[in-house]
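**Student:** If you scroll down you'll find the structure; I have some questions about it.
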Amino acid sequence: MNNQPYVPPIRPNMIPPPSRALYGAMGEANIRQLLRDFYALLAQSAIQDMFPPNIEKASQKSADFFIGLFGGPPLYHQKYGSPMMRGRHMPFAIDPAARQVWLDCFLTVLSTPEKYDIPAELLPTLTLFLENFSMWMVNTAPSDSS
Ligand code: HEM
């Protein structure tokens, strides 16, 4: 055991961002609903204890981030400053199993892309980003490798 955070074998500059055409195709209301549905799944998942009781508020803070990421206005930056996502996730022990739960919840909401007006040709840019960026968020080694 040591107190150093686990560093995954990936760097953010290796990760292609999702298409910035997503914002124009989806619009703000659909992005907000996507994050609302995603957080509703997280709130029932094996990692539910990580999330705050006000799940609506948390989902809409994340929505601010995704709106900018998808090519819309940089709401998250304006309200909260530089995202520094890995740093902001450090208070939570995210191991590969927690990452998989998080990713599965996101992939579940994305299994009905038409509900959010996500064009079929843009969907892979988002899933690839989420698969990779969620690896970068892992800060804790698997529990069986102490
Ligand atoms: C790898 C698995 C992940 C886990 C277990 C996880 C968990 C969490 C938790 C517990 C919070 C704080 C509660 C909240 O405000 O929602 C949070 C915040 C957030 N997460 Fe994640 N997260 C993961 C990956 C990601 C990824 C890949 C992204 C972006 C693509 C992301 C974006 C955010 C944003 C924007 C916030 C709000 C940050 C803030 O409070 O300022 N997360 N996440």
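**Student:** Which count do you get for residues in the stretch 94-103 that are open to solvent by 50 Å² or more (accessible area, probe 1.4 Å) and near the ligand (Cβ under 6 Å from one of its atoms)?
**Tutor:** 1
**Student:** Do we have S134 as near the ligand (Cβ under 7 Å from one of its atoms) and either part of a helix (DSSP H, G or I) or not small (G, A, S) (or both) here? Before the answer, list the steps.
**Tutor:** Numbers: near the ligand (Cβ under 7 Å from one of its atoms): yes; either part of a helix (DSSP H, G or I) or not small (G, A, S) (or both): yes.
When the stated conditions are applied, S134 passes them.
**Student:** Taking only the stretch 59-78 into account, find how many residues are near the ligand (Cβ under 9 Å from one of its atoms) and either in contact with a helix residue (DSSP H, G or I) (Cβ under 7 Å, 6 or more places away or on another chain) or open to solvent by 50 Å² or more (accessible area, probe 1.4 Å) (or both).
**Tutor:** At the first step, the residues of the stretch 59-78 found to be near the ligand (Cβ under 9 Å from one of its atoms) are 59, 61-66, 69, 76.
Filter once more, keeping what is either in contact with a helix residue (DSSP H, G or I) (Cβ under 7 Å, 6 or more places away or on another chain) or open to solvent by 50 Å² or more (accessible area, probe 1.4 Å) (or both): 59, 61-66, 76.
Matching residues across the stretch 59-78 total 8.
**Student:** Kindly indicate the residue of the stretch 22-58 that is hydrophobic (A, V, I, L, M, F, W, C), open to solvent by 50 Å² or more (accessible area, probe 1.4 Å) and in contact (Cβ under 8 Å) with a residue 24 or more places away in the chain and also nearest to the ligand (Cβ to nearest atom) among those meeting that condition.
**Tutor:** So, considering only residues that are hydrophobic (A, V, I, L, M, F, W, C), open to solvent by 50 Å² or more (accessible area, probe 1.4 Å) and in contact (Cβ under 8 Å) with a residue 24 or more places away in the chain, the one nearest to the ligand (Cβ to nearest atom) is M50.
**Student:** Further question: Modelled with pLDDT of 95 or more and under 16 Å from M135 (Cβ atoms): does that describe I31? Please lay out each step first, then the result.
**Tutor:** Working: modelled with pLDDT of 95 or more: yes; under 16 Å from M135 (Cβ atoms): no.
Taking the combined requirement at face value, the residue does not satisfy it.
**Student:** Checking P73 against (1) touching an Asp or Glu at 6+ places or on another chain (Cβ under 9 Å); (2) part of a helix (DSSP H, G or I): exactly one of these is not met. Which one?
**Tutor:** Single failed check for P73: (2).
**Student:** Could you check the stretch 79-93 and list, in sequence order, the residues that are near the ligand (Cβ under 6 Å from one of its atoms) and in a helix (DSSP H, G or I)? Show your work before the answer.
**Tutor:** First, the residues of the stretch 79-93 that are near the ligand (Cβ under 6 Å from one of its atoms): 80, 85, 88-89, 92.
Hits for the stretch 79-93 are Y80, M85, R88, H89.
The values are calculated or read from the model by the stated rules, or taken from the named source; none is laboratory data. Model, not experiment: these values are computed from the prediction. No Cβ is skipped: glycine too gets one built from the backbone with ideal geometry, and neighbour counts run over all protein chains shown. SASA here: full protein model, heavy atoms, side chains in, ligands and nucleic acids out. Shrake-Rupley method; radii C 1.70, N 1.55, O 1.52, S 1.80 Å.
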